[in-house]
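Bear in mind these aren't lab numbers, they're just calculated from the coordinates by the rules spelled out. Predicted model only: the values in this text are computed from it and were never measured. As a convention, Cβ positions derive from the backbone with ideal geometry for all residues, glycine included, and neighbour counts pool all protein chains shown.
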C-alpha cells in the first residue's frame with residue numbers, strides 16, 4: 001500500500017491565510033469608506049439646515065417690512081425683491097443651525113434672496129486603516145433661495161388710497177384692508193417660498 005501524501009494540504013494553508021487577510025483588509029477599508037460617508041452626510045445635513053435657516057430668517061424680515069409698509073403699495077415690489085434698507089444680516093441663524101448639527105460655518109454668503117453656506121464638521125473621520133484620515137473633517141455647502149409667491153397690481157393713481165391691491169398667492173386671494181387686524185394678513189410662508197437650490 002503506497003504511503004499517503006500530505007503536501008497538497010500544506011500548500012493550501014498559506015493560500016487560506018492570504019485570502020482571509022485580504023478579506024479582512026477589504027472589510028476595514030469598507031468600514032473606513034463608511035465612516036467618511038457618514039461624516040460627509042452629516043456635513044451636508046448641517047449645510048442644508050444652516051442655509052435654510054438663514055433664508056427663513058430673511059423671509060421673516062422681508063414679511064415684517066411688508067407689514068410695516070402695508071399702506072404704501074408702491075414699496076411692495078422692492079420689498080418682495082429683497083430690497084430692505086437697514087435689515088440685519090441673517091447669517092447668524094446659519095451659525096446657530098450649524099452648531100446644532102455639530103458643525104461650524106466656514107463661510108456664509110448673503111444675497112438679496114439667496115444664501116450660500118459652507119460648513120465643516122466638528123468631528124473628524126476617525127481612526128481607520130487609511131493613513132491621514134484621523135484628523136480629516138468633512139466639508140459641504142448648500143444654497144437656499146427665497147421666492148416671492150404672489151402677484152398684485154398697483155391701483156390707478158386716482159384710486160382711493162384706502163383700497164389696497166389684492167394679493168394672489170398660488171391660487172389664494174388676499175383682499176387686504178388698511179384697518180384690518182394683523183392676524184388676517186398673510187404669513188411669511190404665504191408670501192415667500194424658501195427652498196434649497198437645485
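Report the Cα centroid-to-centroid distance between segment 43-68 and segment 148-198 in angstrom, as an integer. Going from one Cα centre to the other spans 20 Å. Sorted on the mean count of surrounding Cβ atoms within 10 Å across their residues, most packed first, peptides 74-87, 53-66 read 53-66, 74-87.
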